[in-house]
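Notes follow the structure.
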Protein chains: 2
Amino acid sequence: MVIDCHGHYTTAPQELQAFRDAQIAALTDPSQARPLAAMSDDQLRESVQPQLKFQSERGTDLTVFSPRASAMAHHIGDAKTSLDWTRHCNDLIHRVCGLFPQNFVGVCQLPQTPSNPLANCIAELERCVKELGFIGCNLNPDPSGGYWSAPPLTDRYWYPFYEKMVELDVPAMVHVSASCNPNFHATGAHYINADTTAFMQFIQADLFEDFPALRMIIPHGGGAVPYHWGRYRGLAQDMKRPLLADMIRNNVFFDTCVYHQAGIDLLLRVVPADNILFGSEMVGAVRGIDPETGHYYDDTKRYVDAAAISDGDRRKIFEGNTRRVYPLINNKLGAVAI
Amino acid sequence: MVIDCHGHYTTAPQELQAFRDAQIAALTDPSQARPLAAMSDDQLRESVQPQLKFQSERGTDLTVFSPRASAMAHHIGDAKTSLDWTRHCNDLIHRVCGLFPQNFVGVCQLPQTPSNPLANCIAELERCVKELGFIGCNLNPDPSGGYWSAPPLTDRYWYPFYEKMVELDVPAMVHVSASCNPNFHATGAHYINADTTAFMQFIQADLFEDFPALRMIIPHGGGAVPYHWGRYRGLAQDMKRPLLADMIRNNVFFDTCVYHQAGIDLLLRVVPADNILFGSEMVGAVRGIDPETGHYYDDTKRYVDAAAISDGDRRKIFEGNTRRVYPLINNKLGAVAI
C-alpha cells in the first residue's frame, strides 16, 4: 500500500472560493456576505477526479487530504472570519472522504488568527478528529502570512494546542499559507523557509522533552534541512544540543515533496528512513511535466521507486511510517501487518 | 590556486565590539559614546591567525574577506549609526588586506538602514572599491533583521545601487545579518531563508534583463535551492519564465558553504559548474569538528576535492569562476592563465 501523506484539496468547486471572496469583501462591506452555496455530491466527486486519476496512474492508494494550504490565509479578517472559513473547508474535506473512503482520509485546517489564543483551534481539532474522523492537522507557524509575528513553535503559547494533539494522538504538519509579504513567493520561498525555520526552532528548545509524544511533519522534504544536514548537525553540536538523529527520532518527520531525483536521493541518503513519509503535494505547487524526464515534477513516487534504498525502507516510507505517525489512520485501514 | 569567496572577519580584536557596544548604548544614553580604540598592526596580524592557519592546513590560498555578517545588524539605530559602524568595519578589513595581501582581498559591508534611500551605500561602495581596493560587497535583502520590510531585490528601490555595481564591475553576495525576530535563528534559519527567498525573487522578475552585467552570489550553497532544483525548474516553467540554467548563467552564482559531502554532491550534480564558487564561510557559522569524518564541518574544500567532477570543473570552482564573477580580483593576482 502507498499512502501519500500530503495532498490538498486544490480542486474544490468554485462555490468554495465564491464564499471566500464574499467573506473577504464583507470585511469592508458587510452587505457582500453570502452563505456557502450548496454543492452536490456529484460536484464533489467530479472535483477530485484529478487526484483520483493521479493516484491510479502513479500507483498510490490513499491520500491524507487537507484543505488547500495557500487558501487558509489566517491573516485575513478576525477570529470569526478564520473560524467560519476553516469549518467550511474542513466540512468539505469530510464530505470528500465520505464519498471516497478508500482514497482519502482527512486532515484539518485550523482556525488560527494572529495573536489570538488557540481555544478555537483546540475546539476545531477536537471536532474534526472526534466527529469527522480526521487523523491530523496542518499547523501554521506564521499566521501573519509572511511577517512572522507569532512566537516560535517551541514557545509555551502553543502548548495548550500540543496538549490536545497528544491527547487525541494526532500529529501536525507544519504548513504555512499564502504570503502577503512581497518578498516571499508562497510555494517558492515562504513554504520552504517555514520548513527550515521550524526545524531550527526544534533544535534550539526542549519541546520534545516536554511532549515526548508530539509528532510534527515538516513538509517539502524538510525545506533546506537535508541539503544542509551537516550545518544542522554542526550547529546542534556547537550549541551542545542532542544529535539530530536522536532529536527527530520519535518526533520530527519529513515528507518526500522534493521534485527531482537528486533531491530525493539526498533526502534518503542523510535522513533516517524511519523519519521519512511519502508525500507528493498533488495537485499542488508544481503542476507541469519535467521535460528532462517526461513525467510530472510532483510524481514523487517515481523518485522513491528509483532510489537506492532497501525494499524494507521503501515500505516504511510508503506506508509504515505514516501509519505510525498518524495512528488514527489504522482505524480506517485496519491494523494490517506491515 | 584556491580562492575562498566567502570569509568573514569574525575574529576582530575586541576593540571593535567595544566600539559597537558603546555605539548601541549611546542610542539611549549619548554619554556612552566612545571612539574606536586604536589597534596596532600586530593586534590585527594576531587576530587573523585562525584564518591563516585554516588556509594553510586546508590548502586554500586567498580569502575574499568581509566584515562579520551577523554583526552588520542594519536594523540597529539610524543611518548615521549604520554608516559609522560600516566604515569602521570596512577600514579594518582594508588594514588586514594590506597586512596580508597574499591571503585576503576585501569585500565591503554596506551602510544599509531600513526604509532609507541607498545613497550612503552607493558612496561607501565607491569608496571601498576605488580607495580601498575592494572587489565586491555584501548586500542585505532584509535590513530589518528578520521582519522583511524592504522591497524585494528585484524592486526598483535597489536599482540605483545596481547601477553603481555595474559601473564599478563588482558583484554582491546576498547576505542577511543577525535576526531580531525570535522565530529565526541567524545562521540556522535566517541566512538560509534569505538565500532561498532571493533566488525565487530572481525567478519572478526581469532584473537581469534590466542589468545584464549584474552578478549576485547566493551564499550557503544557495539556501534550499539546489535541493529543490526540480521545484524551481517547475515553478519557473509554470510561470512561463526562462529556464533556470539560462536565468542564472551570467548573473547568479552559488558558493559551496554546505557542510557535508552529500550536500556538496547534490549541488555539483544539479547546478552548472560555471555557477559555483568555492567558499567555506570560515571562521564562521559552524566551528566544530564532524565526528563522522574527523574534520571540520566547514572544511568544504575536502568535499569539493572528493566530489565526482572533472578536474576542469574543479579548477573553475576553486579559481576561475571567482575571477570571472569578481573581476577586480585580477588586478591583485595578475591575469594568470587559468
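Each value in this text was obtained by applying a stated rule to the coordinates, not by laboratory testing. Just so you know, these numbers come straight off a predicted model, no measurement behind them. With ideal geometry, Cβ positions are generated from the backbone for all residues, glycine too; neighbour counts draw on all protein chains shown.
Kirkwood-type hydrodynamic radius, segment A:71-207: 15.3 Å, calculated from all non-identical alpha-carbon pairs. Across identical copies of the chain, A:ASP246 has label-point separations of 5.2 nm, listed in ascending order, with the point defined 7 angstrom from Cα along Cα→Cβ. Calculate, for A:ALA205 and A:GLN102, the FRET efficiency according to 1/(1 + (r/R0)^6) with r their C-beta to C-beta distance and R0 51 Å; round to the nearest 0.05. That gives a FRET efficiency of 0.80. Rounded to two decimals, the Cα-based Rg/Rh of the protein assembly as shown, with Kirkwood Rh, is 0.98.
Each 5 Å bin from zero up to the one holding the largest Cα-Cα distance in segment A:175-264 carries the following percent of pairs: 3, 13, 23, 23, 18, 12, 7, 1.
In nanometers and ordered shortest first, the copy-to-copy spacing of the A:SER310 label point, defined 7 Å from Cα toward Cβ, is 3.9. Modelled label positions at B:GLU46 and A:LYS240, each set 7 Å beyond Cα in the direction of Cβ, lie 2.7 nm from each other. Comparing mean-square fluctuations of A:LEU153, A:LEU27, A:LEU214 from a GNM of chain A with C-alpha springs under 10 Å, the top value falls on A:LEU27.
Evaluating 6.51 cos²θ - 1.76 cosθ + 1.60 at θ = phi - 60° for every residue in segment B:115-131, the Karplus couplings come out as 6, 7, x, 9, 4, 4, 5, 4, 5, 6, 4, 5, 4, 5, 6, 7, 9 Hz, glycine and proline recorded as x. Listed by Cβ neighbour count within 10 Å, with the fewest neighbours leading, B:LEU139, A:LEU118, A:LEU328 appear as A:LEU328, A:LEU118, B:LEU139. Here chain A has an Rg and Dmax of 19.0, 60 Å, counting Cα atoms alone. Of the options A:GLN237, A:ILE317, A:SER66, report the single residue whose Cα projects farthest towards the positive end of the charge dipole of chain A (beta-carbon charges: Lys, Arg +1; Asp, Glu -1). Result: A:GLN237, furthest along the dipole toward the positive end. As a proxy for reagent exposure, A:PHE199, A:PHE278 were ordered by neighbouring Cβ count within 10 angstrom, fewest first; the result is A:PHE278, A:PHE199.
Partners of A:LYS240 within straight-line reach, counting lysines whose Cα lies under 30 Å from its Cα and excluding those fewer than 8 residues away in the same chain: B:LYS53, B:LYS301.
Between the residues A:TYR227, B:ALA123, A:VAL166, the greatest Cα displacement towards the positive end of the dipole of the protein assembly as shown, with unit charges on the Cβ of Lys, Arg, Asp and Glu, is found for A:TYR227.
Per residue of A:235-241, how many C-beta atoms from partner chains lie within 10 Å of its own C-beta, taken as a mean? Provide the component values of the computation, followed by the final result.
Working: counts 9, 3, 7, 6, 3, 0, 0.
The per-residue average across the peptide is 4.
Quick check for me: using +1 on Lys/Arg Cβ and -1 on Asp/Glu Cβ, what's the dipole size of chain A about its Cα centre, in debye to the nearest 20? List each step's numbers first, then the result.
Numbers: 29 positive and 38 negative charges, 60 e Å.
The dipole of chain A has a size of about 300 debye.
The simple Förster model, with R0 at 35 Å and r as the Cβ-Cβ distance, assigns A:GLU131 and A:MET1 a FRET efficiency of 0.85. Comparing mean-square fluctuations of B:TYR191, B:TYR232, B:TYR326 from a GNM of chain B with C-alpha springs under 10 Å, the top value falls on B:TYR232.
What separates the Cα centres of segment B:268-332 and segment A:159-181 is a distance of 39 Å.
Between A:GLY136, A:GLY284, A:GLY230, the Gaussian network model of chain A with springs among Cα atoms under 10 angstrom shows the greatest mean-square fluctuation at A:GLY230.
What's the local net charge at B:ASN138, with K and R +1, D and E -1, over the other residues with C-beta under 14 Å away? Write out the running numbers ahead of the final one.
Details: positive: B:ARG68, B:ARG215; negative: B:GLU124, B:ASP142, B:ASP195, B:ASP255, B:GLU281.
Net charge around B:ASN138: -3.
Taking the label point 7 Å along Cα→Cβ, A:SER56 and its counterparts in the other copies are spaced 7.1 nm apart, in ascending order. Which distance in Å, rounded to a whole number, links the C-alpha centroids of segment B:1-69 and segment A:75-146? Taking the Cα centre of each part, segment B:1-69 and segment A:75-146 sit 50 Å apart.
Based on alpha carbons, the Rg and Dmax found for segment B:74-134 are 12.1, 38 Å.
Among B:PRO101, B:VAL283, B:GLN112, pick out the residue whose Cα is farthest towards the positive end of the charge dipole of chain B, where Lys and Arg carry +1 and Asp and Glu carry -1 on C-beta, about the Cα centre. After comparing all options, I get B:PRO101. Averaged over peptide B:263-269, the number of partner chain Cβ atoms lying within 10 Å of each residue's Cβ comes to 5. Spin-label model, A:CYS180 to A:TYR157: label points 7 Å out along the Cα-to-beta-carbon direction sit 1.6 nm apart. Computed from label points 7 Å out along Cα-Cβ, the spacing between B:ARG249 and A:GLU292 is 1.7 nm.
Please work out the FRET efficiency for the pair A:LYS80 and B:VAL166, using the Cβ-Cβ distance as r and a Förster radius of 56 Å; give the result to the nearest 0.05. Kindly include the intermediate steps, with their values, before the conclusion.
Working: r = 52 Å, r/R0 = 0.92.
Calculated transfer efficiency: 0.60.
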